[in-house]
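Okay, so here's the structure we're looking at.
The values are calculated or read from the model by the stated rules, or taken from the named source; none is laboratory data. Note that the structure is a prediction, hence the values are computed from the model and not measured. Because the Cβ atoms are built from the backbone with ideal geometry, glycine has one as well, and the counts that use them run over all protein chains shown. For accessibility, only protein heavy atoms count, side chains too; no ligands or nucleic acids. Shrake-Rupley method; radii C 1.70, N 1.55, O 1.52, S 1.80 Å.
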Amino acid sequence: MDSVTNKAEQLREKIAQTEKELQNLRRQLNELESPIQNLDVDQGHSSTSTTKQPGEASSPKWKWPLREEEYSRYGRQLILPTVGIKGQLRLKSTAVLIVGAGGLGCPAAAYLAGAGVGTLGVVDGDIVETSNLHRQIAHSTSRVGMMKVDSLVEYCQGLNPNVTYVPHREHLTPQNAEGIVSKYDLVLDCTDHPTSRYLISDICVLLQKPLVSASALRTDGQLIVLNNPAAAQGAANGGPCYRCVFPKPPPADSVVSCGEGGVLGPVVGVMGVLQALEAIKLIAGGIGKAAGSDPKEPVAPSLLLFSATSTTPFRSLRMRSRRPNCFACSAGSTLTLKELGSGSLDYVQFCGVTTPVNVLKPEERISATEYKDILAGKSHKGLLFDVREKEHFDIASIPGAVNVPFSILQRHGRPTVGYLTPEHLSDTIPAEAPIYVVCRVGNDSQIVTRRLKEMGLDGNGERDIRDIKGGMLAWKHEVDRTLPFT
Amino acid sequence: MSTIQAAEKPPEDIEIPKPELSIVVEFTGGLEMLFSDQRRHPLSIPVTNKEGNPLTIADLIEHLCNHTMKDTRKELFVLDDHLRPGILVLINDADWELEGEEAYEIQAGDNILFVSTLHGG
């Protein structure tokens, strides 16, 4: 078994290394190809549009502000009052930054590229994974392992080569934020964590950039346009920033990621598309001279909620204006570019870090391998409670496991033994038969084990109750490699 | 008003039925999981709190914890006697900060929406 594990480890390392090389090659190819591609397009137009060779001027001089191809490309939006030729020229002269090339960033970038913004920058330090593809539609199966930024730029390049694409192959940090964000007129927050959301908001306040922020989880989404108008710190007419709406970050333990909570592709897609829409409205209407400059039509900040499963899927809520004592955008704020860039603001610390659950003593836990031996042995196998949610359990489970979802245990209010009988503790099982608890990665199982003991299910030590260390993930690694892990 | 106050000060404040307000409380952004996976809760709540004052959002939050929430994870809703950071309250579709926050006095027919912020993307 050990040699197999070693071999597997070696292979995994080799794959990782090869993927890295592949990624590097792709990047080189991408860099090599993009100027050629742009050149091709320009040449394709030179015969009919702006750049005329001297002496070739048999047709009258092109006197329109957009190139001929652009009139066909943008014609369907050009004729809308919301855009018009003025709006299209504004789009063409605007640089938009998308932070996060994931489920929100992919559709947002695609629509902004399609609409013809002048420059589209993308920031992300991650690589494309297979688990991204159901929602991050600009990536593709063949580009798994490639930098997300490069994959997204490649997709957008194919959609509209007229746009200047700027890949930033790194995560946004306090140190690089000013250098990156200052080159753009508008920012889209397409990230997935409070730390980046506070950082992006702060830099947008300091550099006076409007911010279109969206998020999604499971079947819900939220959208809010912040810092619009993007007035200076302390200016009363400025729109609220992320800190005005959420002055305190949520406790780290309450933050659920798409990886843990799941997310439906079209839900995050809808939110990303809406971000592109808000951006286009802002740009075409003229950033800075948006509705805010007209005293009759002040910008009323609003939060859009989307609930895919609700009878009213869209709901718009009136939000507060700037918070007079806001840490970032108020008159009294001490936040400066220098302070932010120095890294003295610790966003990770500010948002808190989750600590792994550690409520059981070592002797109250067993390893996956030990449990496998118990299953193979002659003594009573006892009961195995799988406390993952039903959806996880239905995908794959350990033979003989009984599904008792953690959420149901939590929801049950005061813990009672009664809840666990008779289905879970049938009379045919001796009172001293052990109970084992398994979850996804070994956190919830500890809490449940502790709870079962508090409920008195251990019969004052008569019955052994333990959890399986590392949960189903450990079971996959140590015992059954075929287990599909979610 | 006087009848309400009279009803509010019974000798023993249990047997006499108190006047109640009909409101709708909604949860979204994942908070519904703490409330029996149900987004919309039409509720009848007491007109006044323990002290006999008009019921505020703060009182409503306490009421929800004690009577509506079956989940044991109270800390995902309330932290240090206040709403947990990262939860927005909307009173009739407007940010509660436009309405006086925890001190807002609940009116019959109000729609109170609790939204947990999402971070995924």
Taking the stretch B:79-121 as the search range and keeping residues that are among the polar types (S, T, N, Q) and more than 11 Å from the chain's Cα centre (by Cα), which one is farthest from the other protein chains (Cβ to nearest Cβ)?
B:Gln107
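Looking only at the stretch B:60-102, count every residue that is part of a helix (DSSP H, G or I), more than 16 Å from A:Ser302 (Cα to Cα), charged (D, E, K, R) and without any contact (Cβ under 8 Å) to a residue 24 or more places away in the chain and tell me the total.
Of all residues in the stretch B:60-102, those part of a helix (DSSP H, G or I) come to B:60-68, B:74-76, B:96-98, B:101-102.
Filter once more, so that each one left must be more than 16 Å from A:Ser302 (Cα to Cα): B:60-68, B:74-76, B:101-102.
The next check asks that each one be charged (D, E, K, R); those that pass are B:62, B:74-75, B:101-102.
The next check asks that each one be without any contact (Cβ under 8 Å) to a residue 24 or more places away in the chain; those that pass are B:62, B:74-75.
Here the count works out to 3.
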Looking only at the stretch A:321-347, count how many residues are within 14 Å of another protein chain (Cβ to nearest Cβ) and either more than 24 Å from A:Gln222 (Cβ to Cβ) or surrounded by fewer than 16 Cβ atoms within 10 Å (Cβ to Cβ) (or both).
2
Where B:Leu76 falls short, out of the listed (1) within 27 Å of B:Lys18 (Cβ to Cβ); (2) at the interface with chain A (Cβ under 10 Å from one of its Cβ atoms); (3) crowded, with 16+ Cβ neighbours inside 10 Å
(1)
Count - residues of the stretch A:161-186 that are part of a helix (DSSP H, G or I) and touching a residue at least 12 places away in the same chain (Cβ under 8 Å):
6
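Regarding A:Ala113, is this residue in a loop (DSSP other than H, G, I, E, B), aliphatic (A, V, I, L, M) and either touching a residue at least 40 places away in the same chain (Cβ under 8 Å) or open to solvent by less than 40 Å² (accessible area, probe 1.4 Å) (or both)?
Numbers: in a loop (DSSP other than H, G, I, E, B): no; aliphatic (A, V, I, L, M): yes; either touching a residue at least 40 places away in the same chain (Cβ under 8 Å) or open to solvent by less than 40 Å² (accessible area, probe 1.4 Å) (or both): yes.
Taking the combined requirement at face value, the residue does not satisfy it.
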Does A:Thr416 fit the bill of being outside the structural domain of A:Gly259 (by TED's automatic domain parsing) and modelled with pLDDT under 85?
yes
Residue pairs, Cβ under 7 Å, 6 or more apart or interchain, first in the stretch A:1-20 and in contact (Cβ under 8 Å) with a residue 40 or more places away in the chain, second outside any helix (DSSP H, G or I). List them.
A:Glu19/A:Gly145
For the structure I just gave you, tell me whether A:Gln136 is part of a loop (DSSP other than H, G, I, E, B), more than 21 Å from A:Tyr347 (Cβ to Cβ), touching a residue at least 24 places away in the same chain (Cβ under 8 Å) and open to solvent by less than 30 Å² (accessible area, probe 1.4 Å).
yes
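Taking the stated definitions as given, is A:Leu383 assigned by TED's automatic domain parsing to the domain that holds A:Leu409 and open to solvent by less than 20 Å² (accessible area, probe 1.4 Å)?
Numbers: assigned by TED's automatic domain parsing to the domain that holds A:Leu409: yes; open to solvent by less than 20 Å² (accessible area, probe 1.4 Å): yes.
Criteria met by A:Leu383.
If you go through the stretch A:320-377 one residue at a time, how many are part of a strand (DSSP E or B) and among the hydrophobic types (A, V, I, L, M, F, W, C)?
Narrowing the stretch A:320-377 to residues part of a strand (DSSP E or B): A:365-366.
Within this subset, residues satisfying the condition of being among the hydrophobic types (A, V, I, L, M, F, W, C) are A:366.
Count: 1.
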Does at least one position in the stretch A:20-35 carry a residue that is surrounded by 13 or more Cβ atoms within 10 Å (Cβ to Cβ), aliphatic (A, V, I, L, M), modelled with pLDDT of 75 or more and over 28 Å from A:Leu211 (Cα atoms)?
yes
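Inside the stretch A:212-229, can you point out the residues that are more than 14 Å from every other protein chain (Cβ to nearest Cβ) and either in a strand (DSSP E or B) or within 16 Å of A:Arg318 (Cα to Cα) (or both)?
Restricting attention to the stretch A:212-229, the residues satisfying the condition of being more than 14 Å from every other protein chain (Cβ to nearest Cβ) are A:225, A:227-229.
Result: A:Val225, A:Asn227, A:Asn228.
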Residues located in the stretch A:92-109, provided they are in a helix (DSSP H, G or I) and either surrounded by 22 or more Cβ atoms within 10 Å (Cβ to Cβ) or in contact with a Phe, Trp or Tyr (Cβ under 7 Å, 6 or more places away or on another chain) (or both)
A:Gly105, A:Cys106, A:Pro107, A:Ala108, A:Ala109
Output yes when any residue across the stretch B:42-63 is at pLDDT 95 or above and either open to solvent by 40 Å² or more (accessible area, probe 1.4 Å) or within 14 Å of another protein chain (Cβ to nearest Cβ) (or both), and no when none is.
yes
Does the stretch A:236-255 hold any residues that are within 24 Å of A:Val225 (Cβ to Cβ) and facing another protein chain (nearest Cβ under 7 Å), and which are they?
A:Phe246, A:Lys248, A:Pro249, A:Pro250, A:Val255
Kindly list the number of the only condition in (1) farther than 19 Å from A:Ile447 by Cβ; (2) modelled with pLDDT under 90 that fails for A:Asn358.
(1)
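Go through the stretch A:453-467 and report how many residues are in contact (Cβ under 8 Å) with a residue 60 or more places away in the chain and open to solvent by less than 60 Å² (accessible area, probe 1.4 Å).
Here is the first cut: in the stretch A:453-467, the ones in contact (Cβ under 8 Å) with a residue 60 or more places away in the chain are A:464-467.
In the following step, the residues that additionally are open to solvent by less than 60 Å² (accessible area, probe 1.4 Å) were identified as A:465, A:467.
Residues meeting the conditions: 2.
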